[in-house]
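Heads up: the structure comes next, in structure tokens.
Just so you know, all these numbers are worked out from the coordinates, no wet-lab data involved. Keep in mind that this is a model prediction, so the values were computed, not measured. Reconstructed Cβ throughout: ideal geometry from the backbone, glycine too, with neighbour counts over all protein chains shown.
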Amino acid sequence: MPSGSQQIVQPHGTTIMGILNVTPDSFFDGGALSTTAHARAQAEQMIVDGAHWLDVGGESSRPGADPVSQDEELKRVLPVLETLQDLEVHISIDTYRAETARQALMAGAGLVNDITALRGDPAMAEVIAEAGCGCCLMHMRGNPKTMQDAPAYDDVVDDICAFFEERIEVAKKAGMADDKIWLDPGFGFGKTVEHNLQILNRLEEFQQFKKPILLGTSNKSTIGTVLNCELDDRLEGTAATIATGILKGAQIVRVHDVKAMARVASMCDAILHPGRYS
């Protein structure tokens, strides 16, 4: 694994994070990576296709999902993390449990992607601080089981900004390095279609925190609603959200279709930096 993985974003373009869910009920590809060998093969293909990071998760966070036990989460993710250790890619662990994060970091992960922004487990901030690793703080109302029960905001972007300000302060007080914090506005996590579209429309407002912004729109239901299309027909819609996000300041995009979205990102990067092609 590359060294310094907790800090890296691509210095000259968008960072591509491939989604490696090892869960039977993931909304997009549940059960597809049912063995460690399948996960390894998918990881290798994502790297060939342009992934800089692989985000490994053992519990589905789709709307309405039930939590799994910590033992089950560890049983799912640790063998996968171990088989990825020799690959030239950065690894993040998608968890809100401190013990899962601790063991994943020992197994080679360099960043904790916490959908609860340190609220799900009181020990999480200490684990991250002690490891000196990176952390992505995501905004979510409620939890995956309840988050889509009539979500409401005074102003969705302003409310998320207030949330980030508070969670960044919590992270820093716990001893986490300020320059290793990423932010994710939580597209699809406790938001209506209009809320999600407003987040994209105003994404540049999150740049006030001067931290890398991660965007996770890939194949989500808002795209299906807008385009009236099923889950397996959202590639173009995803591409539009990824392009919009990059042009409005997202530095990391978390995606299922790595090859297609890496190409979208490369085109957006060229538009943002045309001098590279003079």
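Of the cross-linked pairs Lys145/Lys210; Lys145/Lys211; Lys145/Lys220; Lys75/Lys211, which ones have a Cα-Cα span greater than 25 Å in the structure shown? Flagged as over cut-off: Lys145/Lys210; Lys145/Lys211; Lys75/Lys211. Assuming a ≥ b ≥ c are the square roots of the Cα gyration tensor eigenvalues, decide whether the range 15-277 counts as rounded (a/c under 1.5), prolate (otherwise, with a/b larger than b/c) or oblate. Rounded. Highest average first, the peptides 186-198, 159-171 ordered by how many other beta carbon atoms sit within 10 Å of their residues are 186-198, 159-171. For the chain, modelled as a Gaussian network with Cα springs under 10 Å, which listed residue fluctuates most, Leu84, Leu235, Leu20? Greatest mean-square fluctuation among the candidates belongs to Leu235.
In deg cm²/dmol, rounded to 500, what helix-only [θ] at 222 nm does the chain give when every DSSP H run of at least 4 residues adds -39500 (n - 2.57) and the total is split over its residues? Rounded to the nearest 500, it is -12000 deg cm²/dmol.
Using alpha carbon centroids, what distance separates the range 35-99 and the range 124-141, in Å? One Cα centre to the other: 17 Å. Across the range 266-272, coupling constants 3J(HN,Hα) worked out from phi with the 6.51/-1.76/1.60 Karplus curve, θ = phi - 60°, read 4, 5, 5, 4, 5, 5, 6 Hz, and Gly and Pro carry x. Each residue of the range 110-122 is assigned a 3J(HN,Hα), and the resulting list reads x, 8, 9, 9, 9, 5, 9, 6, 6, 8, x, 8, x Hz, derived from the Karplus form 6.51 cos²θ - 1.76 cosθ + 1.60 (θ = phi - 60°), x at Gly and Pro.
Ordering Tyr277, Tyr153, Tyr96 by the number of other Cβ atoms within 10 Å of each residue's own Cβ, fewest first, gives Tyr277, Tyr153, Tyr96.
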